[in-house]
Structures are given as structure tokens and as C-alpha cells.
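Asker: Below is one structure. I have some questions about it.
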Amino acid sequence: FRCLFFSRIIEKSDFLRFGNMAPPTRIGLAGLAVMGQNLALNIAEKGFPISVYNRTTSKVDETVERAKQEGDLPVFGFHDPESFVQSIQKPRVIIMLVKAGAPVDQTIKTLSKYMEKGDCIIDGGNEWYENTERRAKAMAELGLLYLGMGVSGGEEGARNGPSLMPGGSFEAYKYIEDILLKVAAQVPDSGPCVTYIGKGGSGNFVKMVHNGIEYGDMQLIAEAYDVLKSVGKLSNKELHCVFSEWNKGELLSFLIEITADIFGIKDDKGDGYLVDKVLDKTGMKGTGKWTVQQAADLSVAAPTIAASLDSRFLSGLKEERVEAAKVFKSGGLGDVLTEQTVDKARLIDDVRQALYASKICSYAQGMNLIREKSIEKGWDLKLGELARIWKGGCIIRAIFLDRIKKAYDRNPDLANLLVDPEFAKEIIDRQSAWRRVVCLAINSGISTPGMSSSLAYFDTYRRERVPANMVQAQRD
């Protein structure tokens, strides 16, 4: 009783409710799929006792058992929402990690009936930012605080340190700032990968654009692989070595690292490498599409991200592509149009430079989109700070992001990353190699929509006068 009394002023009813159980926990988490379980364990491991709840009670028991196995962590499971809510110290903070849309509304409805004024709900899912703003208003009418928090890094990040993008009530953010600073990924030279993003649905919006940039990154890497394999005839072993080497330089990143790893995995159920047996049909969850839609709504050019989305759409037409290949093969068009003799070493270096230059364009588009939405909504987002919190934990984490942060530190009002003096010099130095790769791909019949659209973006942006006068004359 003395421990309870000195740790927190409690009412008699509180003591009776908990009896011989643990004192109230610091925070709660509802939604115990793998992401939810891992984030709960991460929070507990950092020294914060946490209550967990899931509509499917077996998930609760599973999480508690994992907590015991992974170090007897302070995770307390509850099978009903009322006891879950009541177990959390006031003002209560509950993170939801449930599927976006209707499940979020249902979870809010279930939990809020037991919550009190000043309590806070945090949505940690990939939610549409306007839904977050709608819910924040509804919660405010009940006296509750609300945050929409982007969580990036997948299952591994959630367990060991994600990049966190909380937006909404600043008061609510201060409730849990101490937790988030410890739970987030830690980067030695720049600190925890979390910051208060801004008002409204800004956290969800920034996470959405992060995912759009991720689409672009993944597509550009896939195109680099295709050119090296289809034109350069590099083996998987050679590709493993190339990407491993790239990961030691300017392209050092999580995505380059896992790409190198992919090339080293042999098929444990047959001959050859696993990558060659993965179906060429890409899935998606919708955030890339939202990013492109928002770019169109705000009149922000985002051709690299749009090209990556189109490529996923086309990949989904597997059966049609198989039939089309037969039609055009009968007309004399093979998979690769011409068998060209290339200097492998030079091709590898050219593709590296083309990938880096294209990457600059993709990030420039994403940052411009965030800036325009920030202006429209009055969010006052700090682009350099966003680059900082993406340096660790998240899927697009890369050494490249430190250069972006420094660019915005030099000029917070930078119109476009392309005109930052350092990035401008890097693109100028790489543009010849970039053009060689795109031309080689076109002549070989290899599609490089991400690299090509990035190059077109650069060539349009750098020209003082473009043929838009003709389009305008036609409109007139």
C-alpha cells in the first residue's frame, strides 16, 4: 500500500480495484497483431508498464506470454475493455494499432465509453489524415485528446525502435514524450527518431508521403536490378556483390542492404535463387495511391512516385502480360530487344549514379508535397526535422537523409532539393551516366519508368522555357 501511495495519489476505490495486483500501468495498447505486440514489448522493455487489450482474447494471452519469454517484461493483459481502460494511470493514454477505417472508429467507440476528460487516444495505423482530423474533433467534444501517429519500420522497427510521427494535440504529445523518446530508433549523431510533427492530421500525412517516397525508392532499385540483370547479364552472385558494395557509399540504406541480402538467398526447396521464383506481381496497401492523389490535388509534380504506382498496377496484369509477350514475340520482339555488349564495370557505375540522381528527384517531390500541404493547412512543418527522424527505424532510412537535413538547415525555405548547391552539383556530375542508362534501357526495350520520369522531371525543372506555351496557345 505504501508503494502505491507514494507512486501515485490514489482513491480508495483504486486500491480496491487493483487489490494485490500491480499498480496502474503507464500506458495502454489496443490491437495486438504483430505490429501491436512488438510495440507493446518495446514500450515495456524501456521500463514502462503497459496494459494490453485485443478483441480476440487469445492475442492478449499470446502477448503476455511473449513478454514473459522475452525478459519477464511488465505487460499486463486484459480480456475486457473496461478493466483494460481502468488499469491505466490518469490521465490515461491508449495507443491503437488496428486496421485503418471502420475498425478504428469501432475501437474508439469501445474504449471511449470508459475514458474520462483529459484522457488520450493515439492512432498508430496508416490512416487517411482527414479521418484523424474528424476523429480529433469528435473526441474533443467528449473532452478527450487525440493523436494520429505514423509508425514506420515494420515489425522489426516496432520491436526494436521505429521512426515515429505523432501529430495532433500537442498537450497529448507531452503526455507521452518521455515514452516515445525512449521507444523510437536512436541515431547516435542526431538523437531519437521522433518529433512532434504538427497540428491536425499532419502525422498521418507525413507518414503517407514517407510511404510514397518508399514506393519510389523500391521502384528505382528494381529498375537498377533489371538493367544490370537483363542488359548487363549480371548473375545473382554478382548482383549481391554490387549492392553490398553500394551499401558502403552514398546509397547506404536499409533498402539497398536488404536488396543485397535478397540476392544471396538460395531456394531451400529447389535449385537456384529464391528471387528468381518470386512472382512478378507487386502488392500495395494504398498509401502510395493516396500520395499521388494528394500531389494531383495540390498541383505538385510527383512523376517518380506516380511511375512507381503505375508500375505496380501494370505488374498486377500478370496474365495479360503473359499473353502480350506471346503476341509481340511472334512479331519478332523478344524480352530484350537487342543483345548489346557492355562494359560491366562501367555499366555498374553508371547505374549507381543514375539510381542516386533519380533518388534525389523522388525525395524532392515528396518534400515539396509535404511543404505544400503544410502551407495549405497552416501546419508549419519543419522539413529538415522530418529528414532527421527518418534517418533511423523507418523503411527509407538512409545516409542520404542526413544530406537532406543539412540542405534544409542551410535554407529552410529551399524551393526544391534540386537547387541546393550540394545536390545540384551531384546531379550535374551524374547526369551523363544517368542519360546513358536511360538510353541503354530504352534501346534494349527495358522499362525504367522511375529513372526516366525522374530525368524528365529534372530536365523540365532546369529549363528556363518549356513548351507549355504551345499547350497554352492550344487552350486559348
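The values are calculated or read from the model by the stated rules, or taken from the named source; none is laboratory data. From a predicted model like this one, the values you see are computed outputs, not experimental measurements. Note that we place each Cβ from the backbone using ideal geometry, even for glycine, and neighbour counts take in every protein chain shown. What goes into the accessible areas is simple: the full protein's heavy atoms, side chains included, and nothing from ligands, DNA or RNA. Shrake-Rupley method; radii C 1.70, N 1.55, O 1.52, S 1.80 Å.
Asker: Sort 284, 115 by accessible area with a 1.4 Å probe, largest first.
Answerer: Ranked from most to least accessible, the order is 284, 115.
Asker: Using 16 Å as the cut-off for backbone N distance, which residues of region 118-158 belong to the label zone defined by a point 7 Å from the Cα of residue 105 along Cα→Cβ?
Answerer: It comes to 127-139, nothing else.
Asker: At most 10 other C-beta atoms within 10 Å and a DSSP loop state: those are the exposed GluC sites (Glu not before Pro) I care about. Give me the longest piece of the chain that has none.
Answerer: So the longest stretch without any such site is 12-338.
Asker: Work out, step by step, the length gained on full extension between residue 339 and residue 83: first 0.36 nm times the residue separation, then minus their alpha carbon distance; give nm to one decimal.
Answerer: Fully extending the segment from residue 339 to residue 83 adds 85.3 nm.
Asker: I would also like to ask the following. Looking at 98, 86, 29, which one has the Cα that reaches farthest to the positive end of the dipole of region 27-196 (charges on Cβ: Lys, Arg +1; Asp, Glu -1)?
Answerer: 86
Asker: How big is the charge dipole of region 207-475 about its Cα centre, in debye rounded to the nearest 20, if each Lys and Arg gets +1 on its Cβ and each Asp and Glu gets -1 on its Cβ?
Answerer: I would put it at about 320 debye.
Asker: Okay, next question. Accessible area per residue of region 27-196 at 1.4 Å probe, in Å²?
Answerer: In whole numbers, region 27-196 has 40 Å² accessible per residue.
Asker: Sticking with this structure for a sec: In nm, to one decimal, how far is the residue 313 label point from the residue 473 one, both placed 7 Å along Cα→Cβ?
Answerer: Using points 7 Å along Cα→Cβ, the separation is 3.1 nm.
Asker: Might you report the magnitude of the Cβ-based charge dipole of the chain about its Cα centre, with Lys and Arg at +1 and Asp and Glu at -1, to the nearest 20 debye?
Answerer: 540 debye
Asker: Go through 260, 298, 200 and say which Cα lies farthest out towards the positive end of the charge dipole of the chain; charges sit on Cβ, +1 for Lys and Arg, -1 for Asp and Glu.
Answerer: Towards the positive end, the residue furthest out is 200.
Asker: Take the solvent-accessible surface of the protein heavy atoms, probe 1.4 Å, and return the percent of it on the chain that carbon and sulfur atoms account for.
Answerer: The computed percentage sits at 55.
Asker: Another question about this same structure. Gap in Å between the Cα centre of region 351-368 and the Cα centre of region 131-188?
Answerer: With region 131-188 and region 351-368 each reduced to a Cα centre, they are spaced 29 Å.
Asker: Out of all DSSP beta bridges with both ends in the chain, state the antiparallel percent to the nearest 5.
Answerer: 30 percent
Asker: Calculate the FRET efficiency for residue 323 and residue 265 from the Cβ-Cβ distance with a Förster distance of 22 Å, rounded to the nearest 0.05.
Answerer: Efficiency for this residue pair is about 0.10.
Asker: Shape verdict for region 382-466, please, from the Cα gyration tensor: rounded (a/c under 1.5), prolate (a/b greater than b/c) or oblate.
Answerer: oblate
Asker: Quickly estimate the mean residue ellipticity at 222 nm for the chain, helices only: each DSSP H run with n ≥ 4 gives -39500 (n - 2.57), and the total goes over all residues, rounded to 500.
Answerer: -18000 deg cm²/dmol
Asker: Percent relative contact order of the chain, based on C-alpha pairs within less than 8 angstrom and at least six residues apart?
Answerer: 13 percent
Asker: Which distance in Å, rounded to a whole number, links the C-alpha centroids of region 401-433 and region 52-79?
Answerer: Centre-to-centre (Cα) distance: 47 Å.
Asker: Loop only by DSSP, 10 or fewer other Cβ within 10 Å of the Cβ. Give me the chymotrypsin sites (Phe, Trp or Tyr not before Pro) in region 110-211 that pass, ordered by residue number.
Answerer: Sparse-neighbourhood loop chymotrypsin sites (Phe, Trp or Tyr not before Pro): none present.
Asker: Please get the size of the charge dipole for region 175-282, origin at its Cα centre, with Cβ charges of +1 on Lys and Arg and -1 on Asp and Glu, quoted in debye to the nearest 20.
Answerer: Roughly 200 debye for region 175-282.
Asker: How big is the Cα convex hull of region 27-196 in projection, averaged over all directions, in nm²?
Answerer: Averaged projected area of region 27-196's Cα convex hull equals 8.7 nm².
Asker: Grab the beta carbon distance between residue 137 and residue 178, set R0 = 25 Å, and tell me the FRET efficiency rounded to 0.05.
Answerer: 0.35
Asker: Among 364, 149, 444, pick out the residue whose Cα is farthest towards the positive end of the charge dipole of the chain, where Lys and Arg carry +1 and Asp and Glu carry -1 on C-beta, about the Cα centre.
Answerer: Working it through, the farthest residue towards the positive pole turns out to be 149.
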